[in-house]
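Trainee: I have a structure here, written as structure tokens, and I will follow up with some questions on it.
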Amino acid sequence: MKIIIASTIVPFIEGGGTFIVDWLAQKLNEYGHQADVVKLPFVHDYRTVMSQMLGIRMYHLENECDRLIAIRTPSYLLKHPDKYLWFIHHYREMYDLWGTQYEQFPRNNEVVAIREYVKRADDFAFKEAKKIYTNSRIVSNRLKKYNNIIADPVYPPVLNPDQFYCERYGDYIYYSSRICGHKRQWLAVEAMKYVKSDVKLIISGKSETEQEARRIGTIISENNLQNKVTVVDSWVSEQEKADYYANCLAAIYIPYDEDSYGYPSLEAHHSQKAVISCTDSGGTDELIVDGKNGFLVEPDPKQLAVIFDHLYENKKMAEKMGQNGLARIQELNITWDNVIRRFTE
Amino acid sequence: MKIAVVNNTVPFLYGGAEFLADSLCGKLKEYGFQSCVIKFPFSWVPKEAILDSIMAVRLNQICNCDMVIALKFPAYYIEHPNKKLWLLHQFRQAYDLHGTEYGMFNENDQKDMAIRQAIIDMDNRCLAGMEGRIFTNSGVVSQRLYKYNGISSEVLYPPLMDESLYSVGDTYGDYIFYPSRVNYSKRQHMAVEAMKYTRSQVKLVLAGKGDSPDDEKLIFRKIEEFGVQNKVTYLNRFISEQEKVELFCGALGGIYIPYDEDSYGYVTLEGFHAGKAMISCLDAGGTDVVVKDGITGYMTEPTPQALAEAMDKMYNDRKKTIEMGKNGLPLLEKLGITWDNVIRRLTE
């Protein structure tokens, strides 16, 4: 099948939202389809959102492929008789973030009208779609709540699960992610102040800002954690990352309020490692069953420290939970076989 | 500085323009900029889709970049406070191809004429505001832009992408090399016919896949027909960059004789980067920018006899051939056909 995957982007910003597009294209090609990608720039600006949405509607891709798979909002406005959606989020400021501190719109009728326009355009596009999947239960719930659409999640796998392996259950907890405020690496470092065992923490990832790197550096130096915490603040190759996972005791992934379980959680499970996350992390609770394949802890350094120690002193348990993690991925069917089947049937 | 190279895309197609966009993006990175390629879908079926595509790009917004460099219609309709244009070509069906067999608008169809006129009007408005920031890739494109839209521009010749693969050495063999896609308008068949008239021991090596199997068959048939099997080698397959470099570096000289192209073609640049003199024809189009008769090669009449004469001269006067070959790179430097120049002009 000839398939175009359409999405929107902000130039120079890469992350989950762009990986899912490129990886899906790559896998569709591997599975014998012909796939190409169209990534349109889109600016989340309420003043121009209406004309931008109209613009996207005006492109012509309807004769270029057998199926269009639209991913990031509002690429699903593209016209196509055979349109599938892998819906990963709304224009959130217009939906679930409306009225919260994360939405800074002026309070006037115009903005209310724009919000209504966005919602109606979305509703219209959702009706056109032949099939809608989401990437998580949270997003499915929002679609139901705001647009009255029932859509199942199709969980996005990591690109190459086979690169991950398990060597041992070592003495460190591993946190692999971009280093930035809302991923809360600092909270993991804070926890190391309270550990009683010899458990260590390794953090790897490029820091987004100088400020965040300094913040973490300060916590380490002020509390003399140099022997307990290692920060690899650079881009880490896939091989290095796999090696860190292979030798860690368990992994930690504690962002604040994300939609999805996050690729780091999957990577840990593919390496047969348990994942520690927080009760306010968002979608990690779709993957992690507390006490089975990881832990869901209050976002409190002392409570995290207890879990770190607990795992360190019970490596058999860490091993069992890690193996449960791998099984959990199968249970939720987080595989490319499943993704490709759903989007090409 | 963050620079977005903006271009069109027809999904599933990858051609010269896409290659240039990727090359430019790669070079900008080499020169220390952050760069990415943004591609807007472009469709001309039905014809109204052309106008839709202009509108779509115009309504699109782009953020998080300090500059955009647009390469093609209608990508240059993107709104940005710091926009430059390195124009590869306009929508030619509305301009120079109109009224020819390659045109698409019917003079007797009111709707067709309205669409064509709308394209011209919108181009006039969009491009007029950009004067001083418009570069083109060839004199022909600049001339057309002036002729049809009254808009002036500066020619900024595209350099060779993988220049570092090539080097000027001291090996000069006995064959003239023609690497290119093989089709009728590239006129490999004429080079083959020329070999019938050569008197020296000069040989010809052609390399490249045919656009169609018939294109390849034609070459083999001509080789037989003219009885030049001993003088002509045709490698009818895809050759790797590395293989091409080796063949060029071992050649006596190069030849590139398409019919009426806009640009000088990468083949001439490859030849010069390998230190080889080039043969081209007076009706080849843009090759006369770099192939200077008697200085960097020979420009001949488009006849097999004239080509044969140039090939013999190349073989018989080796000293001059080598000298001309080594004049190529300094000429490219002088014409600004270097990435140093292109990146400087586009980013200053």
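The values are calculated or read from the model by the stated rules, or taken from the named source; none is laboratory data. Just so it is clear, the structure is predicted and the values come from calculations on it, not from any experiment. Ideal geometry is used to build each Cβ from the backbone, glycine not excepted, and the neighbour counts take in all protein chains shown.
Trainee: Considering only residues that are more than 19 Å from B:Thr338 (Cα to Cα), buried (at least 24 other Cβ atoms within 10 Å of the Cβ) and out of contact with any Lys or Arg (no Cβ under 8 Å at 6 or more places or on another chain), which ones fall in the range B:285-299?
Mentor: Selection gives B:Gly297 alone.
Trainee: Next up: Kindly indicate the residue of the range A:250-303 that is among the hydroxyl-bearing types (Ser, Thr, Tyr) and under 16 Å from A:Ile329 (Cα atoms) and also surrounded by the fewest Cβ atoms within 10 Å (Cβ to Cβ) among those meeting that condition.
Mentor: A:Tyr263
Trainee: Quick check on A:Lys193: is it basic (Lys, Arg) and in contact with a strand residue (DSSP E or B) (Cβ under 8 Å, 6 or more places away or on another chain)?
Mentor: no
Trainee: Give the range A:36-85 a look and list any residue that's within 16 Å of A:Tyr133 (Cα to Cα) and among the β-branched types (Val, Ile, Thr), or say none.
Mentor: Answer for the range A:36-85, where residues must be within 16 Å of A:Tyr133 (Cα to Cα) and among the β-branched types (Val, Ile, Thr): A:Ile69, A:Ile71, A:Thr73.
Trainee: Which residue is nearest to B:Arg58 (Cα to Cα), if the candidates are limited to the range A:48-70 and must be out of contact with any helix residue (DSSP H, G or I) (no Cβ under 8 Å at 6 or more places or on another chain) and in contact (Cβ under 8 Å) with a residue 12 or more places away in the chain?
Mentor: Across the range A:48-70, the extreme among qualifying residues is A:Leu61.
Trainee: Would you kindly identify the helices (runs of 4 or more DSSP H) lying entirely within the range B:230-348 that contain at least 1 residues that are assigned by TED's automatic domain parsing to the domain that holds B:Ala207?
Mentor: Per the criteria, B:241-249, B:266-273, B:304-316, B:318-335.
Trainee: Looking only at the range B:84-94, count every residue that is surrounded by 20 or more Cβ atoms within 10 Å (Cβ to Cβ) and either over 21 Å from B:Tyr157 (Cβ atoms) or within 14 Å of chain A (Cβ to nearest Cβ) (or both) and tell me the total.
Mentor: Residues that pass the stated criteria total 2.
Trainee: Okay, moving on. Of all the helices (runs of 4 or more DSSP H) wholly in the range A:229-297, which have at least 1 residues that are aliphatic (A, V, I, L, M) and in contact with a strand residue (DSSP E or B) (Cβ under 8 Å, 6 or more places away or on another chain)?
Mentor: Hits in the range A:229-297: A:263-270, A:284-287.
Trainee: Here is a follow-up. Tell me the strands (runs of 3 or more DSSP E) entirely within the range A:1-94 that contain at least 1 residues that are among the aromatic types (Phe, Trp, Tyr).
Mentor: A:83-87
Trainee: Can you pull out the residues in the range B:286-330 that are more than 20 Å from the chain's Cα centre (by Cα) and hydrophobic (A, V, I, L, M, F, W, C)?
Mentor: Result: B:Ile295, B:Ala306, B:Leu307, B:Ala308, B:Ala310, B:Met311, B:Met314, B:Ile322, B:Met324.
Trainee: Which of the numbered conditions does A:Leu225 fail, given that it passes all the others? Conditions: (1) assigned to a helix (DSSP H, G or I); (2) farther than 26 Å from A:Gly16 by Cβ; (3) among the aliphatic types (A, V, I, L, M).
Mentor: (1)
Trainee: Would you be able to say whether some residue in the range B:116-126 is out of contact with any strand residue (DSSP E or B) (no Cβ under 7 Å at 6 or more places or on another chain) and of a type in the set (Val, Ile, Thr)?
Mentor: Checking the range B:116-126: at least one residue is out of contact with any strand residue (DSSP E or B) (no Cβ under 7 Å at 6 or more places or on another chain) and of a type in the set (Val, Ile, Thr).
Trainee: Please work out which one of (1) assigned to a loop (DSSP other than H, G, I, E, B); (2) in the same structural domain as B:Leu51 (by TED's automatic domain parsing) is the condition B:Thr198 fails and give its number.
Mentor: Answer for B:Thr198: the failing condition is (2).
Trainee: Let me ask something else. Out of the residues in the range A:32-54 meeting the condition of being farther than 18 Å from B:Phe40 by Cβ and within 24 Å of the chain's Cα centre (by Cα), tell me which one is surrounded by the fewest Cβ atoms within 10 Å (Cβ to Cβ).
Mentor: For the range A:32-54, the residue satisfying everything is A:Asp45.
Trainee: Still on this model: Would you pick out the residues in the range A:312-345 that are of a type in the set (Gly, Ala, Ser), free of Cβ contacts under 8 Å to residues at least 60 places away in the same chain and farther than 30 Å from A:Ile5 by Cβ?
Mentor: A:Ala327
Trainee: Residues of the range B:54-74 being assigned to a helix (DSSP H, G or I), at the interface with another protein chain (Cβ under 7 Å from one of its Cβ atoms) and buried (at least 23 other Cβ atoms within 10 Å of the Cβ), which ones?
Mentor: If the condition is that a residue be assigned to a helix (DSSP H, G or I), at the interface with another protein chain (Cβ under 7 Å from one of its Cβ atoms) and buried (at least 23 other Cβ atoms within 10 Å of the Cβ), then B:Ala56 is the only one that fits.
Trainee: Only one of B:Arg199, B:Arg181 is more than 29 Å from B:Ser23 (Cα to Cα), of a type in the set (Lys, Arg) and either exposed (fewer than 14 other Cβ atoms within 10 Å of the Cβ) or modelled with pLDDT under 95 (or both). Can you tell me which?
Mentor: B:Arg199
Trainee: Still on this structure: Is one or more of the residues making up the range A:244-255 β-branched (Val, Ile, Thr), assigned by TED's automatic domain parsing to the domain that holds A:Pro299 and touching a Gly at 6+ places or on another chain (Cβ under 6 Å)?
Mentor: Looking through the range A:244-255, none of the residues is β-branched (Val, Ile, Thr), assigned by TED's automatic domain parsing to the domain that holds A:Pro299 and touching a Gly at 6+ places or on another chain (Cβ under 6 Å).
Trainee: Any chance the range B:239-248 includes a residue that's surrounded by 23 or more Cβ atoms within 10 Å (Cβ to Cβ) and among the hydroxyl-bearing types (Ser, Thr, Tyr)?
Mentor: No - not one qualifying residue is present in the range B:239-248.
Trainee: Could you list, in sequence order, all residues of the range B:314-348 that are without any contact (Cβ under 8 Å) to a residue 60 or more places away in the chain and basic (Lys, Arg)?
Mentor: Scanning the range B:314-348 gives B:Lys319, B:Lys320, B:Lys334, B:Arg344.
Trainee: Taking the range A:171-201, which residues are among the hydrophobic types (A, V, I, L, M, F, W, C) and buried (at least 21 other Cβ atoms within 10 Å of the Cβ)?
Mentor: Answer for the range A:171-201, where residues must be among the hydrophobic types (A, V, I, L, M, F, W, C) and buried (at least 21 other Cβ atoms within 10 Å of the Cβ): A:Ile173, A:Ile179, A:Ala188, A:Val189, A:Ala191, A:Met192, A:Val195, A:Val199, A:Leu201.
Trainee: Which residue, of B:Ile176, B:Ile151, is within 24 Å of B:Leu329 (Cβ to Cβ) and either in contact with a strand residue (DSSP E or B) (Cβ under 6 Å, 6 or more places away or on another chain) or in the same structural domain as B:Glu18 (by TED's automatic domain parsing) (or both)?
Mentor: One residue alone meets the criteria, B:Ile176.
Trainee: Moving to a separate point now. What single numbered condition from (1) more than 14 Å from every other protein chain (Cβ to nearest Cβ); (2) more than 24 Å from B:Ile50 (Cβ to Cβ) fails to hold for A:Lys83?
Mentor: (2)
Trainee: On to the next question. Can you confirm whether the range A:190-213 contains a residue that is under 24 Å from A:Gly282 (Cβ atoms), assigned to a helix (DSSP H, G or I), touching a Leu at 6+ places or on another chain (Cβ under 7 Å) and in contact (Cβ under 8 Å) with a residue 24 or more places away in the chain?
Mentor: Among the residues of the range A:190-213, at least one is under 24 Å from A:Gly282 (Cβ atoms), assigned to a helix (DSSP H, G or I), touching a Leu at 6+ places or on another chain (Cβ under 7 Å) and in contact (Cβ under 8 Å) with a residue 24 or more places away in the chain, which makes the answer yes.
Trainee: Hey, could you check the range B:1-53 for residues that are among the acidic types (Asp, Glu) and more than 10 Å from chain A (Cβ to nearest Cβ) and say which is farthest from A:Ile4 (Cα to Cα)?
Mentor: B:Glu30
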